[in-house]
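Asker: Before I ask anything, here is the structure I am working with.
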């Protein structure tokens, strides 16, 4: 079932998530990011991301994940310091973006997706994600029957 556009996490859930320490969340986030994105990033994009600090803010969850590209992968950063690019949206809006059910421009111009900081870096991230052919997140892949499939 598709969640409505105005879906927001319930306040008690957001309050609980907002109390979690940020760094362990960033570690988990970059682990997933490396699994999903690493193979899709061209070398020139990796070079342009090198050493840049990014933050993904999940507005209705009250959490943020700080990370950077360093060497050959994304790495978590301790919170604080100067952020080169902030991308923020609700849980629902990030989900529909990852599933390719919404366009980032549509979300941006309807003020559901926020980008602050280095404009050139923001366009690089957006264009890189747009160039990936497949959805980044397919919930069907999490079905228990698919989780235990044998992989060659």
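Asker: So how do 72-82, 96-106 stack up, highest first, on mean other-Cβ count within 10 Å?
Answerer: On the way: 72-82: 13.7, 96-106: 15.9.
Top of the packing list down: 96-106, 72-82.
Asker: Then there's this: So how do 14-23, 38-47 stack up, highest first, on mean other-Cβ count within 10 Å?
Answerer: 14-23, 38-47
Asker: At a 10 angstrom cut-off on C-beta neighbours, averaged per residue, how do the peptides 60-71, 117-128 rank from highest to lowest? List each step's numbers first, then the result.
Answerer: Details: 60-71: 18.5, 117-128: 15.3.
Descending packing order for the listed peptides: 60-71, 117-128.
Asker: Give the span of the range 11-147's Cα atoms along each principal axis, as three whole-Å numbers ordered largest to smallest.
Answerer: Over the range 11-147, Cα extents along the principal axes are 41, 37, 33 Å.
Asker: Taking 30 Å as R0, compute the FRET efficiency from the Cβ-Cβ separation of residue 47 and residue 133 and round it to 0.05.
Answerer: After rounding to 0.05, the efficiency reads 0.85.
Bear in mind that the values in this text are calculations on the coordinates, not laboratory data. Model, not experiment: these values are computed from the prediction. Counting neighbours? That spans all protein chains shown, and the Cβs are built from the backbone with ideal geometry, glycine included.
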